[in-house]
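*Asks:* Before I ask anything, let me first share the structure, which is written out below as structure tokens.
The values are calculated or read from the model by the stated rules, or taken from the named source; none is laboratory data. Here the structure is a predicted model, which means the values were calculated and not measured. Neighbour counts run over all protein chains shown; Cβ positions are idealised from the backbone, glycine included.
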Amino acid sequence: MFKGFFKLIEYEFKLFLREPIAAFFTFIFPVFFMFLTMEVFVGNPVVEVPTATGVMEIRIINYVLPNMMLMVIATTAFMSLPITATEYRQTKYFKRLRANPVSSSSILAAIGIVFFIITSCGVALLSIAAFAVYGASIAGSLLMFILSFLFSYLAIASISFGIMGSLLRTSRTAVAVGQIVYFPAMFFSGVFVPLEQLPEWLRPVSEFIPITHAARLMQGMWQGEPFSDFVTEIAVLTGVLLLGILVAVKKFRWE
């Protein structure tokens, strides 16, 4: 059983690496975008970030890096996972897998593990570049940040795979819906543009975007803010995670 499971993980890695565009947007583009963002802020190395107790001044790289990590999560979640699910269903790959002596839960677990490792590799490359080139530093607990990263990934991936991957019928539709969701979410959640720079009437919209809460949680853990300040963010992400799981259980189709 375990041999078949690890073989499946190996095969999923090979399938991903055969898609150079997906690999580019996961590994290369976030690093390029970080360099571009740092060039924009080259004359302003410090940014003021609102916290639960006031305003905190931090180096711009320490603000940009957690946001770029979230960008990697969102790229995997909205661009890769739902497309993978719909494509496997269309090509009857799921059906063929289920004919093998590997359980259905193992198939989904293998896909989830592979994409989490891929996302983590993208974040690792981004972090190496940020620490080496710009001297990034983490003010909080590394363990707490890793936990916030894992939790954010699970919540956002549950939306994409559990909801989009379950309800969308074709890979073309998944590509279109993924782009429609991805770009507004990035702009209106404070990842690409700080929330304080959005028009006043648009800011309440960001509260309905799960990535907004993931960004606050990851930023807070990176900057060393108390975990207790993020009860709302944790509650929202937990609700999103459970909703994604519930929809997947009820609506996910193998063929």
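*Asks:* Exactly one condition in (1) assigned to a helix (DSSP H, G or I); (2) of a type in the set (Ser, Thr, Tyr); (3) loosely packed, with under 14 Cβ neighbours inside 10 Å; (4) in contact (Cβ under 8 Å) with a residue 40 or more places away in the chain is false for SER152; which is it?
*Replies:* The one condition SER152 does not meet is (3).
*Asks:* OK, next. Identify all residues within region 174-202 that are within 14 Å of VAL72 (Cα to Cα) and of a type in the set (Val, Ile, Thr); write none if there are none.
*Replies:* Of everything in region 174-202, just one residue is within 14 Å of VAL72 (Cα to Cα) and of a type in the set (Val, Ile, Thr), namely VAL191.
*Asks:* Sticking with this structure for a sec: Being aliphatic (A, V, I, L, M) and at pLDDT 75 or above is the filter; apply it to region 1-23 and report the residue that is farthest from LEU108 (Cα to Cα). Step through it out loud before you land on a result.
*Replies:* Within region 1-23, the first condition is being aliphatic (A, V, I, L, M), and the residues that meet it are 1, 8-9, 15, 17, 21-23.
Restricting the remaining residues to those that are at pLDDT 75 or above gives 8-9, 15, 17, 21-23.
Details: LEU8: 10, ILE9: 10, LEU15: 15, LEU17: 19, ILE21: 23, ALA22: 20, ALA23: 21 Å.
Checked region 1-23; the qualifying residue farthest from LEU108 (Cα to Cα) is ILE21.
*Asks:* Name the single residue, out of those in region 91-108 being under 14 Å from TYR11 (Cβ atoms) and of a type outside the set (S, T, N, Q), that is modelled with the lowest pLDDT.
*Replies:* Selected residue: VAL102.
Conditions (1) surrounded by fewer than 13 Cβ atoms within 10 Å (Cβ to Cβ); (2) touching a residue at least 12 places away in the same chain (Cβ under 8 Å), marked per residue:
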site	(1), (2)
THR173	no, yes
GLU200	yes, no
GLY239	no, no
LEU243	no, yes
ALA248	no, yes
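*Asks:* Mind listing whichever residues of region 27-40 are β-branched (Val, Ile, Thr) and farther than 16 Å from VAL191 by Cβ?
*Replies:* Initially, region 27-40 is screened for residues β-branched (Val, Ile, Thr), giving 28, 31, 37, 40.
Once the filter is applied, which keeps residues that are β-branched (Val, Ile, Thr) and farther than 16 Å from VAL191 by Cβ, region 27-40 yields only ILE28.
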